[in-house]
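See below for the structure under consideration.
Just so it is clear, none of the values below were taken in a lab; they were calculated from the coordinates. Fair warning: this is a prediction, and the values are worked out from it, not measured in the lab. Positions of Cβ are generated from backbone atoms using ideal geometry, with glycine treated the same way; all protein chains shown enter the neighbour counts.
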Amino acid sequence: MMFRRGVTIGVMVIFAAAIAPAQPGARPDLTSLRFLLGDWTAVDTPAGESGEFTFSLAVQDRIMTRTNFANYTARDGRPASRHDDFMIIYAEGGELKADYFDSEQHVIRYVVQPRSDHEVVFASEAKPSEPRYRLRYTARSDGTLAGQFEVASPGQPDAFKPYLSWTARKRR
């Protein structure tokens with residue numbers, strides 16, 4: 001009877017350890033991305049363009065969200081437009097990931113690669129018949145945040161070409 005109870009308790013402990021969350025130090029966290037936190041405004045934009053974005057923590061600091069918008073005035077025969085997007089950054093399976101959604105119905109799933117305490121790269125998975133995306137943020141010594149969005153054509157997953165770049169200044 002004692003043996004059976006000991007085995008049962010041992011199995012329960014092993015099972016509980018298997019389903020329990022990892023210790024905070026053992027899983028990736030958002031600490032290295034804290035330089036992104038805050039409300040940002042695009043600066044030095046081309047005439048007629050403006051934008052803002054906010055990075056914030058949520059769910060007891062377990063996820064980070066980014067909300068973003070960009071306005072474009074009518075020009076060169078194109079109507080005025082607005083772009084909105086939302087991204088959620090989270091830890092899963094031992095790595096940081098991000099899911100991006102925008103008003104043009106794009107969905108991009110990223111693996112997040114912190115490079116230092118002032119730089120991070122978001123890279124989508126390479127798929128043979130789809131473009132690949134890379135988003136980079138770098139905090140500069142003058143207090144601005146540089147952003148770059150790059151695209152690689154299908155079949156050339158590492159041949160990234162610049163698509164958009166911007167600089168932002170923290171509002172608060």
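Ordering 45, 68, 131 by the projection of their Cα atoms onto the charge dipole of region 21-144, which places +1 on the Cβ of Lys and Arg and -1 on the Cβ of Asp and Glu, puts 131 at the extreme positive end.
In this label model, residue 97 and residue 29 are separated by 2.1 nm, measuring between points 7 Å along each Cα→Cβ vector.
Coordinate range of the alpha-carbon atoms in region 44-139 per principal axis, descending: 48, 35, 24 Å.
Put simply, when 104-111, 81-88 are sorted by average Cβ atoms within 10 angstrom per residue, most first, you get 81-88, 104-111. So if R0 is 22 Å, what FRET efficiency would residue 39 and residue 71 give, r being the distance between their Cβ atoms, rounded to the nearest 0.05? With a Förster radius of 22 Å, E is 0.85.
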